[in-house]
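Engineer: Mind having a look at this structure? Questions to follow.
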Amino acid sequence: MLKPRKTHHYIRQALKNDCLRAAVGKATDLAVRKRQDLVNETPYWEDLRHHVHHLKSKVLENPEQSLMTFEARCIANGINVHWAEDAAEARQIIVDLAAQKKVKKIVKSKSLTTEEIELNPALEKAGLETWETDLGEYIVQLEGKTPSHLTMPALHLSRYDIGRLFEKKLGIEYTDNPNELLQVARQRLREHFLSADMGISGVNFAAVEEGAFVVIENEANAHLSISIPKIHVAIMGLEKLIPSLSDLPYFLKVLAPSATGQKASSYVNIIGGPQQHLMEEGPEEVHLVILDNGRSNILADASLRETLFCIRCGACLNICPVFRQVGGHAYGWAYMGPIGATLIPLYNGLSEGRYAPFLSSLCGACFDNCPMRIQIPKHLLTLRNRIAESGKTMLIERVGMKIWSMLAVRPRLYRFITGLAAIVQQLIPFDKAFPAPGYVRHRALGRMDSKGFRSRFMDSEDRREGGR
Amino acid sequence: MTVSLFIPCLTEHLYPESGLAMVRILKHLGYKIDYVDNQTCCGQPAFNSGYRREMIPVAERFIRLFQDKELIVAPSGSCVAMIRVFYDQLALDPSLMPGLKALKERLFELTEFLVKRNHHDKLQGCFPHRVTYHDSCHLSRELGVRQQPRQLIQSIKEIDFVEMTPPDLCCGFGGTFSYKFSDVSVEMVKRKCESIEATGAEYCIGADSSCLMNIEGYLRKHGMKAKTLHIAELLSRSLDLEKGAA
């Protein structure tokens with residue numbers, strides 16, 4: 001649940017946590033460097049970005065048509081399609097399905113959409129034993145928290161934190177040796193894979209043409225979650241469509257470098273239906289939950305629809321100087337960083353999401369790094385405008401802007417007021433009385449010039465000599 | 001040729017010296033100078049904070065004031081980007097569109113202008129100090145101006161130019177961001193200042209007064225050695241143009 005009032009609290013917590021910031025800095029630096037190396041050796045990188053943007057734009061141009069075709073092809077392939085209007089409906093569909101099939105144990109592979117709909121608490125409440133099987137997600141689940149990065153969920157924890165966590169929650173002897181910790185997790189997870197009745201995954205791409213969906217991963221845990229249990233449930237936001245599997249390579253080509261700085265992801269699972277006759281692998285039943293949760297409205301909003309082109313690679317987080325200071329939890333929701341700052345008000349409403357678009361210096365690095373060419377800074381500005389115009393900003397700021405607007409079209413009055421301000425600044429210790437104490441606590445304030453450029457220029461020889 | 005000056009708010013009210021330095025450089029290169037009187041603001045602070053309704057009249061006024069000028073030069077990437085890139089996002093009076101188009105073609109950021117016109121050969125002054133350069137976000141990312149300031153700096157004799165790493169990391173100012181999320185902003189400028197200090201530079205050169213104000217504020221408050229210097233002032237000082245000034 002998003003708690004906008006807590007934004008500043010979350011930020012203060014994050015800034016106090018030196019360990020967190022060191023970990024975030026180190027991991028994002030590495031991801032940025034590795035990505036840049038790969039981009040440098042891909043001469044057609046910019047063309048790829050344009051191409052995948054175009055593909056996504058094409059398939060979402062008429063989303064209803066694309067979704068109808070996709071659904072029909074999925075059904076023909078034996079996939080059970082469920083439509084969920086919102087988060088509550090999606091949770092209910094999955095909980096009901098589990099009850100109907102007498103499921104006791106569920107293994108999950110990493111899915112941000114399940115974080116968005118807060119699925120895990122609902123499964124636990126229904127008495128379903130649920131295990132995250134992505135290593136990072138597993139750690140975060142043991143910690144009882146939520147992921148702090150789109151692709152590196154446990155980024156906020158060091159190996160020492162994880163060692164202590166495993167000692168406490170898994171009853172093992174303390175170790176901070178990453179390899180030993182990994183082996184413990186592997187062993188525990190293996191037992192869960194073999195005894196689970198249902199596997200739940202997200203979806204990276206859904207191919208309209210073939211009625212198949214794609215799950216990308218590096219740990220093979222998604223592969224095991226999908227192929228071992230008898231029932232597989234996948235959940236996707238309705239924007240995950242791509243035209244066809246033949247377009248998939250382009251997306252894969254941009255995704256892996258952007259996400260983890262890898263040339264290619266380790267595993268690409270393509271699910272085109274349940275186990276076939278004479279085959280011994282794969283689930284007997286495949287269910288696909290297609291989630292709206294506000295997406296249709298965003299797609300209908302021409303100026304912001306491309307925010308749904310996001311493939312959740314996290315490249316904008318890694319390069320973002322704000323994210324690198326505060327980490328993912330400061331945003332207070334499943335999606336964080338620059339793209340999160342646009343999605344938070346879009347999914348939760350302008351009032352609930354009134355701070356997120358302002359948590360950016362608008363430096364623009366996110367757009368440069370976005371493999372999908374989503375113009376994040378532009379969308380942040382659009383959202384800021386909507387938030388301000390719906391009266392969700394501070395009254396003093398609204399009044400101040402009205403006054404500024406009135407003055408800025410009246411140059412003489414404007415000069416008089418700014419001249420007055422310069423005098424006032426010289427008379428009183430402005431550093432202490434400055435209306436924004438946060439700014440001056442660690443920064444000396446610039447001094448307003450008593451005359452200003454205009455007067456100085458008018459008086460100078462420069463003007464006389466130059467003539468007009 | 002006549003160059004009309006577009007003087008951003010911070011240059012007008014806090015750093016007139018960088019505006020005057022720009023005037024001296026342009027005059028040194030033989031341009032006539034025209035000051036468009038009654039200019040106020042391009043509207044960026046309000047735009048970035050979401051107040052388009054309030055800033056549209058200000059933007060429209062700006063277009064009317066400058067649309068007929070032959071050449072317009074400003075000592076700021078951020079303010080030039082506002083007009084060249086961000087005015088397109090506004091629902092402006094349609095009758096102003098031809099004026100905006102004309103304005104966009106004739107408006108330049110100072111370093112972009114100097115290099116585009118091949119003036120760097122005539123700006124080879126002398127500045128025997130170690131300097132580093134901060135890429136301001138709008139100048140580098142929105143306008144794509146990265147090489148030009150470096151070219152100008154490196155043309156100066158006896159200058160010891162050292163890049164900071166990374167030079168294009170945001171300084172954390174971001175207008176109202178710097179007080180809305182001041183704690184985050186301070187951490188960002190801290191990192192910027194540490195990377196400046198690591199170069200051992202005496203001066204951090206920049207082409208935007210907003211970044212320089214933020215950086216200078218932190219450096220001064222924390223007693224750090226480096227000083228900030230606008231690139232217009234660097235060029236003017238290296239050519240020793242101050243003497244001729246009033």
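Engineer: Within segment A:399-450, which residues are crowded, with 16+ Cβ neighbours inside 10 Å, under 34 Å from the mean Cα position of the chain (by Cα) and more than 22 Å from residue B:212 (Cα to Cα)?
Structural biologist: A:400, A:401
Engineer: Something else now. Is it true that some residue in segment A:246-259 is part of a loop (DSSP other than H, G, I, E, B) and modelled with pLDDT of 95 or more?
Structural biologist: no
Engineer: Identify all residues within segment A:348-373 that are surrounded by 23 or more Cβ atoms within 10 Å (Cβ to Cβ), under 15 Å from the mean Cα position of the chain (by Cα) and aromatic (Phe, Trp, Tyr); write none if there are none.
Structural biologist: Hits for segment A:348-373: nothing passes.
Engineer: Say whether the condition of being basic (Lys, Arg) and farther than 28 Å from residue B:86 by Cα is met by at least one residue in segment B:160-183.
Structural biologist: No: segment B:160-183 contains no residue that is basic (Lys, Arg) and farther than 28 Å from residue B:86 by Cα.
Engineer: Continuing with this model, one more query. Tell me which helices (runs of 4 or more DSSP H) are completely within segment B:1-118 and hold 2 or more residues being hydrophobic (A, V, I, L, M, F, W, C) and farther than 25 Å from residue B:206 by Cα, or say none if there are none.
Structural biologist: B:52-66, B:97-106
Engineer: Answer yes or no as to whether residue B:76 is surrounded by 23 or more Cβ atoms within 10 Å (Cβ to Cβ), more than 15 Å from the chain's Cα centre (by Cα) and of a type in the set (Ser, Thr, Tyr).
Structural biologist: The answer is no for residue B:76.
A quick yes/no check of all residues on (1) surrounded by 24 or more Cβ atoms within 10 Å (Cβ to Cβ); (2) touching a residue at least 60 places away in the same chain (Cβ under 8 Å); (3) of a type in the set (D, E, K, R):
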position	(1), (2), (3)
B:194	no, no, yes
B:207	yes, yes, no
B:212	yes, yes, no
B:219	no, no, no
B:235	yes, yes, no
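Engineer: Within 23 Å of the chain's Cα centre (by Cα), within 30 Å of residue A:88 (Cβ to Cβ) and modelled with pLDDT of 95 or more - does that describe any residue in segment A:156-168?
Structural biologist: No: zero hits.
Engineer: Output yes when any residue across segment A:438-454 is assigned to a helix (DSSP H, G or I), in contact with a Gly (Cβ under 7 Å, 6 or more places away or on another chain) and of a type outside the set (Gly, Ala, Ser), and no when none is.
Structural biologist: Scanning segment A:438-454, I find at least one residue that is assigned to a helix (DSSP H, G or I), in contact with a Gly (Cβ under 7 Å, 6 or more places away or on another chain) and of a type outside the set (Gly, Ala, Ser), so the answer is yes.
Engineer: Kindly indicate the residue of segment A:73-100 that is of a type in the set (Gly, Ala, Ser) and in a helix (DSSP H, G or I) and also nearest to the chain's Cα centre (by Cα) among those meeting that condition.
Structural biologist: A:87
Engineer: Residue A:31 - would you say it is crowded, with 17+ Cβ neighbours inside 10 Å, part of a helix (DSSP H, G or I) and not assigned by TED's automatic domain parsing to the domain that holds residue A:245?
Structural biologist: Yes; evaluated as a whole, the condition is true for this residue.
Engineer: Do you know which of the residues in segment B:235-246 that are charged (D, E, K, R) and part of a helix (DSSP H, G or I) is farthest from residue B:144 (Cα to Cα)?
Structural biologist: Among residues in segment B:235-246 that are charged (D, E, K, R) and part of a helix (DSSP H, G or I), the one farthest from residue B:144 (Cα to Cα) is B:243.
The values are calculated or read from the model by the stated rules, or taken from the named source; none is laboratory data. On a predicted model such as this, the values are computed, not experimentally measured, just so you know. With ideal geometry, Cβ positions are generated from the backbone for all residues, glycine too; neighbour counts draw on all protein chains shown.
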